Amino acid sequence: MGYVVLDTDVASRIIKRQLGGPLAGKLTGLTWCVTFVTVGELWQWAAMRSWGRSTREDLEQWLGRVVVLDSDDATSRAWGRISAQARRRGRPRPANDTWIAACCLPRGLPLANLNLKDFEDFAEHEGLTLITGCPASLGSGLVHSRHLTWADAAGTIPRIFRVCAHKLLAAGDVNVPVRARAQLCCCRCGGGRSPPPRPLPFSA
């Protein structure tokens, strides 16, 4: 069974039972992790929204069912390195996003996220694997690499990190060869040659 780190926005939607679509299907069957940053942000939301006792207990129980990743020496060193490199590139990233990426990278864990732009720099430059509902998310930052072709990507991306070819076409990725579309696809649509399947039902 694989592990996946949930960004705060994903964790929040799961807790509220509002996560659906392609991302929900990709998370089914994986062991969920959250970082210490997400734990803090969730409790911050609880305080800001004046959650009642029952809702707070629900949050505490949910956190007890996931793996919480705390900061350690490897995480701290990763944070220092990737935050410094982001600044040198002229694109400093928010501290909390950088901590979440730093928790993932040393452990080699993918990050489930709903806002690709928050972590795309880390995917492109640090090799952070992103799992999102966005058509541009193909895992391991491979689609951002200047040294990999679509054929290379088709042979190296695990199926769970792939997307439906219909979404690739809708996003305007018209340069993806037909054969590569079929190999990159996460479902049985044949690389855009048949109607897309229904989304998988979400199960916690």
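The values are calculated or read from the model by the stated rules, or taken from the named source; none is laboratory data. In this text the structure is predicted, and so the values were computed from the model without any measurement. Here the Cβ positions follow ideal geometry from the backbone for every residue, glycine too, while neighbour counts run over all protein chains shown. Accessible surface is based on the protein model in full, side chains and every heavy atom, while ligands, DNA and RNA are left aside. Shrake-Rupley method; radii C 1.70, N 1.55, O 1.52, S 1.80 Å.
Would you tally the residues in the stretch 78-105 being under 23 Å from LEU42 (Cβ atoms), of a type outside the set (Gly, Ala, Ser) and open to solvent by 30 Å² or more (accessible area, probe 1.4 Å)?
Looking only at that region, the number is 6.
Residues of the stretch 69-81 being closer than 19 Å to TYR3 by Cα and either in contact with a helix residue (DSSP H, G or I) (Cβ under 8 Å, 6 or more places away or on another chain) or in a helix (DSSP H, G or I) (or both), which ones? Working first, answer last.
Going residue by residue through the stretch 69-81, those that are closer than 19 Å to TYR3 by Cα are 69-72, 74-75.
Result: LEU69, ASP70, SER71, ALA74, THR75.
Hey, does the stretch 61-68 have a residue that's farther than 22 Å from LEU114 by Cα and either in a loop (DSSP other than H, G, I, E, B) or under 16 Å from the mean Cα position of the chain (by Cα) (or both)?
Yes, there is a match, as at least one residue in the stretch 61-68 is farther than 22 Å from LEU114 by Cα and either in a loop (DSSP other than H, G, I, E, B) or under 16 Å from the mean Cα position of the chain (by Cα) (or both).
Kindly list, by first and then second residue, each pair from a residue in the stretch 75-91 that is under 17 Å from LEU109 (Cα atoms) and among the basic types (Lys, Arg) to a residue that is modelled with pLDDT under 95 and open to solvent by 80 Å² or more (accessible area, probe 1.4 Å), limited to pairs with Cβ atoms under 6 Å and residues at least 6 apart or on different chains.
none
So the check is Cβ under 6 Å with 6+ separation or different chains; which pairs have a first residue in the stretch 6-33 that's open to solvent by 40 Å² or more (accessible area, probe 1.4 Å) and a second one that's at pLDDT below 90 and among the polar types (S, T, N, Q)?
Taking only residues 6 or more apart or on different chains, the pairs are THR28/SER203.
For (1) more than 23 Å from THR132 (Cβ to Cβ); (2) in contact with a Gly (Cβ under 9 Å, 6 or more places away or on another chain); (3) assigned to a strand (DSSP E or B), each residue gets a yes or a no:
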site: ARG13; (1), (2), (3): no, yes, no
site: LEU23; (1), (2), (3): no, yes, no
site: TRP43; (1), (2), (3): yes, no, no
site: PRO92; (1), (2), (3): no, no, no
site: PRO106; (1), (2), (3): no, no, no
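Restricting to the stretch 108-118, and then to whatever is in a loop (DSSP other than H, G, I, E, B) and open to solvent by 50 Å² or more (accessible area, probe 1.4 Å), can you tell me which residue is farthest from THR132 (Cα to Cα)?
From the stretch 108-118, those in a loop (DSSP other than H, G, I, E, B) are 108-110, 113-115; that's our starting set.
Narrowing the set further to residues that are open to solvent by 50 Å² or more (accessible area, probe 1.4 Å) leaves 108, 114-115.
On the way: GLY108: 17, LEU114: 6, ASN115: 8 Å.
It comes out as GLY108.
Report the residue count in the stretch 34-52 for those that are closer than 16 Å to CYS103 by Cα and open to solvent by 50 Å² or more (accessible area, probe 1.4 Å).
Let us first name the residues in the stretch 34-52 that are closer than 16 Å to CYS103 by Cα, namely 34-41.
Remaining after also requiring open to solvent by 50 Å² or more (accessible area, probe 1.4 Å): 36.
Number satisfying all stated conditions: 1.
Tell me which residues, restricted to the stretch 34-69, are without any contact (Cβ under 8 Å) to a residue 24 or more places away in the chain and acidic (Asp, Glu).
Hits for the stretch 34-69 are GLU57, GLU60.
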